[in-house]
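A.B. asks: I am attaching a structure below and will ask some questions about it afterwards.
The values are calculated or read from the model by the stated rules, or taken from the named source; none is laboratory data. The structure displayed is predicted, hence computed values, not measured ones. Using ideal geometry, Cβ is built from the backbone for each residue, glycine included, and neighbour counts are taken over all protein chains shown.
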Amino acid sequence: MQVIKYKWMDRDGSLSPHMLVGDRILPLMGETFSMKIGKKKCIGSFQKGKHMKCSNETESSQWFCYKCSIADDYCMCIRCTGEKCINLKQRNACEKNNYYIYLAAFDNMLKVGISLDRRIMERLIEQGADMGAKIANVQDGLIVRQLEQKIKNSIGVVDRIRGKQKQQMIFGSPNKASENINNAVMKLRANGISFFQNPEIYDLRKHYKLENVPYHPRAAEVIENETIEGTCVAAKGNIMILCNKDEFFSINSHDLIGREIDMLDGQPVSKLIKII
């Protein structure tokens with residue numbers, strides 16, 4: 001079975017982390033796993049909502065081979081900077097969609113990002129931010145990307161935070177996060193950024209279940225032929241926190257994407273919810 005995707009989904013009325021494994025969805029929070037890590041391959045492409053499989057090898061930092069990155073409905077959109085459309089098959093929908101620009105605060109770090117308006121809470125939570133704020137509502141994906149870059153340069157924030165940085169900031173200070181957002185908002189007001197709106201600020205920490213983690217977990221790597229064993233007791237965005245025999249360790253779930261995995265110790269495949 002191959003890990004295709006990691007995402008936060010509604011389960012019993014609240015958002016929690018799941019993995020798409022082959023054609024099934026695996027709930028993570030509170031579940032116990034023993035999985036052997038296999039080779040990494042291209043995850044294939046999603047075309048008109050259908051998953052198209054691929055067996056090509058890919059670089060360690062990439063989820064798609066070149067062919068699938070072109071064929072996928074939205075992969076090229078991730079690379080958009082607003083200069084020009086690089087995914088023309090999605091341009092008509094992109095032009096009509098409404099987006100939020102948000103600030104996501106991770107302890108003493110702040111990033112700017114965008115989300116479809118209907119996915120804003122999921123997006124902030126899957127980022128793993130301590131606090132988040134909606135700061136603009138914009139129609140058209142090209143325009144929102146242009147404004148995102150303008151904000152990034154205007155107030156000196158980043159538009160990407162690496163998994164290792166997030167692992168280091170699992171227990172972020174809400175005071176630092178709140179202060180960073182407030183300082184950024186004051187700069188935006190002073191700089192007269194267009195589309196800027198009075199921010200809606202969210203405290204996101206309640207979603208991650210970090211009260212189950214008594215100390216900072218050890219950062220573990222995903223390595224081929226090694227086994228990951230433990231119970232998922234918390235998750236902060238893409239960082240999963242597992243416990244095994246009173247040891248707590250964290251894994252960047254994005255490092256699992258594309259990996260073949262084997263469930264060990266007779267774990268029932270019935271835990272996987274069939275979706276296709």
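A.B. asks: Answer yes or no: is there a residue in segment 1-15 that is part of a strand (DSSP E or B), of a type outside the set (D, E, K, R) and at pLDDT below 90.
C.D. replies: yes
A.B. asks: Which number in (1) of a type in the set (Val, Ile, Thr); (2) touching a Leu at 6+ places or on another chain (Cβ under 8 Å); (3) surrounded by fewer than 20 Cβ atoms within 10 Å (Cβ to Cβ) marks the one condition that Ile101 misses?
C.D. replies: The one condition Ile101 does not meet is (3).
A.B. asks: Separate question: In this structure, is Ser34 farther than 30 Å from Gly230 by Cα and either in a helix (DSSP H, G or I) or over 16 Å from the mean Cα position of the chain (by Cα) (or both)?
C.D. replies: On the way: farther than 30 Å from Gly230 by Cα: no; either in a helix (DSSP H, G or I) or over 16 Å from the mean Cα position of the chain (by Cα) (or both): yes.
In short, no.
A.B. asks: Is it true that Arg189 is under 26 Å from Asn87 (Cβ atoms) and either out of contact with any Asp or Glu (no Cβ under 8 Å at 6 or more places or on another chain) or hydrophobic (A, V, I, L, M, F, W, C) (or both)?
C.D. replies: no
A.B. asks: Go through segment 41-99 and give me each residue that's at pLDDT 95 or above and of a type in the set (Val, Ile, Thr).
C.D. replies: Ile43
A.B. asks: Inside segment 113-178, counting only helices (runs of 4 or more DSSP H) that do not spill past its ends, which hold 3 or more residues that are closer than 30 Å to Val213 by Cα and of a type outside the set (A, V, I, L, M)?
C.D. replies: Details: elements: 120-127, 141-155, 163-168.
Filter on segment 113-178 gives 120-127, 163-168.
A.B. asks: Out of all the residues in segment 54-78, which are in a helix (DSSP H, G or I) and either out of contact with any helix residue (DSSP H, G or I) (no Cβ under 8 Å at 6 or more places or on another chain) or among the hydroxyl-bearing types (Ser, Thr, Tyr) (or both)?
C.D. replies: Correct list: Tyr66, Lys67, Ser69, Ala71, Ile78.
A.B. asks: Inspect segment 33-45 for any residue being within 30 Å of Met131 (Cβ to Cβ) and β-branched (Val, Ile, Thr) and give the result as yes or no.
C.D. replies: Looking for residues that are within 30 Å of Met131 (Cβ to Cβ) and β-branched (Val, Ile, Thr), one finds none in segment 33-45, hence no.
A.B. asks: So in segment 217-229, with the set limited to residues that are modelled with pLDDT of 95 or more and part of a strand (DSSP E or B), which one is nearest to the chain's Cα centre (by Cα)?
C.D. replies: Ranking the qualifying residues of segment 217-229, first place goes to Ala219.
A.B. asks: Go through segment 230-250 and give me each residue that's of a type outside the set (S, T, N, Q), in a loop (DSSP other than H, G, I, E, B) and buried (at least 18 other Cβ atoms within 10 Å of the Cβ).
C.D. replies: Gly237, the sole residue that qualifies.
A.B. asks: Hey, another quick one. Looking at segment 70-82, which of the residues that are touching a residue at least 24 places away in the same chain (Cβ under 8 Å) and not hydrophobic (A, V, I, L, M, F, W, C) is farthest from Ser115 (Cα to Cα)?
C.D. replies: Pass one, segment 70-82, residues touching a residue at least 24 places away in the same chain (Cβ under 8 Å): 71-75, 77, 80-82.
Cutting the leftovers down to not hydrophobic (A, V, I, L, M, F, W, C) gives us 72-74, 81-82.
Details: Asp72: 19, Asp73: 16, Tyr74: 13, Thr81: 14, Gly82: 14 Å.
The selected residue is Asp72.
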